[in-house]
Each structure stands twice: as structure tokens, then as C-alpha cells.
Amino acid sequence: MSALVEFREVEFGYVAPPGRRAQPFRLAPLSLAVEAGEILGVIGPNSAGKTTIIRLLTRVVRPTAGEIRLGDRPLGSLPAALLAREVAVVPQELPQSFPFTVEQLVLMGRYPHDPGRYFESAEDRTVASAAMQATGVLELAAMRLDELSGGERQRAVLARALAQEPRLLVLDEPTAHLDLRYQAEVVGLLRRVNRERQMTVILVAHDLNLAAEVCDRLLLLSGGRVARVGPPEHVLEEDLLRSVYGCEVIVDKGPLGARPRVQVAWPDGAVKTMNGR
């Protein structure tokens, strides 16, 4: 396998504008290769740098030092339309005022494939229909986004990303608004597109058990630095998680070959999984 994404000594930092209470942030030099066809989970507490990784990959912000490469080319050199064909992002949520139907949203994912045209082709509609079918929103195609539940909107956004047919799919908390049924379906969908389309996936998650279940490797960030990177069973260690998250945790490694399960040990003696259940 070869790297699809490579961070080479990448740094980034910002200082909050005057009057803002936000703390300054700095991403320490990050060197990391994401292999083609891999599912990488990015985990860590708030303000660890997870969102910064997404913003760097989508060129919302640019490194203050170092270089990010996509395939054999510097990310910073790619034309915007080419970058949009290569990288698709599923954000946590859309703006509340977004006056489009589900079908219109999903067809937006086809725009980078021919930015100069005004109308969708038959191929575009076929790809969009397949993406809506895969995410369970085909029957909602004619509905406005502001008429949908949070989970339905999230699945529609995922359909738009799949319609882009990217090489890299970046997801920011993709199951945050989904009930258990659709959480399971999204997990199955991610595995399927990864396996069948050889799509590389970067999954940003607060849910450590979701990340452990889906991802080949985990990148654990803490305060803008890499705390550890490796397979889930190597990263999800009790002592490490206690130091990073600042709370008592219990990690059940289970039988050989099973994915680890993380639980929080609350002060009252109760134990909950790291997704709050």
C-alpha cells in the first residue's frame, strides 16, 4: 500500500482575536501517513486539534510550516475543483437556513466533476440516486432539508459526499445525531464504501468505541500534540486515556482479536461507555 495523505512536519497555530475568550492554539509538528484504503480515526478531548486536521485537509486553513501531500502532489498546489473531486467532507451539521431539497443537496456533490456546466447529466442523477439509496434518503429526495430530523439531514450530507466519488472521505462526528439503527447503518456503510470502492476514510470522533470498531488505526491528539498513533488496542490504553481525558476509564480488551471497549468510571460508582450509554 502507498500513502494517499501525508503530513510532513505540519504545524499550525492561531491566536484568538481581541475580545474573544478562546485560548491560543498550536498544532505541534505532525508527521503522519494515511495509507490508501485505510480508515483512520482521529480522537481526543475538546481543543485537542481534531477540527484543525479537517480544516487543513480541506484548505480552510493552511499550515504555518511543513507540507501536506495528497497522492504525489502538494495539497496546496491543487486547483479547487480537483481538490473537491479528491476530498469530500461530512460536517457535523449544515446551517439551519439551507433552502434546498435532499436531491438538490446530493447533486451538489457532482459539481466538481464539471464546474462549467449549468445542468446535471444523466450520469450525475444516476450517481446521486445511488448515493441516496445507499444512505437511506432516496424516499426523502423531494423534501426540504429544514423539514428533516437531524439524523435525516446527516444522512443526506453523507449522500452528497458519496456522490462526489472522492478518494478521501473525511467525517466529523458522522453519527452524532443518529439513533442506534442509523448509527449501525452508517458504520456498515463506511465499511462497505471502504471495502468496495477502496475509499480512504478519516473519521473524527468523540465516541471512542465507534472509532475502535470502525478504524484500522487511531490518532490520539492532546493539546495539539500526538499522544499516540496505532491500532485501537495499542492506543486505547487505560493509563494513556486517563492522562489525556483527565478521568477514570476502564478498557475491556475482550478475547483475542476483539476490539477494545472503553467505559467511564463515574465518581458515584456507575460505569458508562465513552459514547455516554
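What are the ³J(HN,Hα) couplings of the range 61-66, residue after residue, when phi is run through the Karplus curve with 6.51, -1.76, 1.60 and θ = phi - 60°? Round to Hz, x for glycine and proline.
Result, rounded to whole Hz: 10, 10, x, 7, 7, x.
Give a residue-ordered list of calculated ³J(HN,Hα) values for the range 34-40 (Karplus: 6.51 cos²θ - 1.76 cosθ + 1.60, θ = phi - 60°; whole Hz; x for Gly, Pro).
9, 6, 4, x, 8, 10, 10
Taking every DSSP beta bridge with both residues inside the range 3-273, roughly what % is antiparallel (nearest 5)?
About 60 percent, rounded to the nearest 5.
Rounded to whole Hz and in sequence order, give me ³J(HN,Hα) for the range 144-154 from the Karplus expression 6.51 cos²θ - 1.76 cosθ + 1.60, θ = phi - 60°, writing x for Gly and Pro.
6, 4, 6, 9, 9, 6, x, x, 5, 4, 5
For n ≥ 4 DSSP H runs only, could you compute -39500 (n - 2.57) per run for the chain, divide by its residues and tell me the 222 nm figure to the nearest 500?
Dividing the helical sum by the residues of the chain leaves -9000 deg cm²/dmol.
Going by C-beta contacts inside 10 Å, put ARG217, ARG59 in order with the fewest on the left.
Taking fewest neighbouring Cβ atoms as first place, the list is ARG59, ARG217.
Once the Cα gyration tensor of the chain is diagonalised, what are the square roots of 5 times its eigenvalues, in whole Å and ordered largest first, as equivalent ellipsoid semi-axes?
For the chain, the ellipsoid semi-axes come out as 31, 24, 19 Å.
Projected onto the charge dipole of the range 27-182 (+1 at Lys/Arg Cβ, -1 at Asp/Glu Cβ, origin at the Cα centre), which of PHE98, LEU145, ALA156 gives the Cα projection farthest towards the positive end?
The Cα lying farthest towards the positive end belongs to PHE98.
Any idea what angle helix 122-135 forms with the longest principal axis of the chain, computed on alpha-carbon atoms, 0 to 90 degrees, nearest 10?
30 degrees
Any read-out appearing in this document is the output of simple, stated calculations on the displayed coordinates, not a laboratory observation. All figures in this text were calculated on a predicted structure; none of them were measured in a lab. Methodologically, a virtual Cβ is constructed for each residue, glycine included, from the backbone with ideal geometry; neighbour enumeration extends over all protein chains shown.
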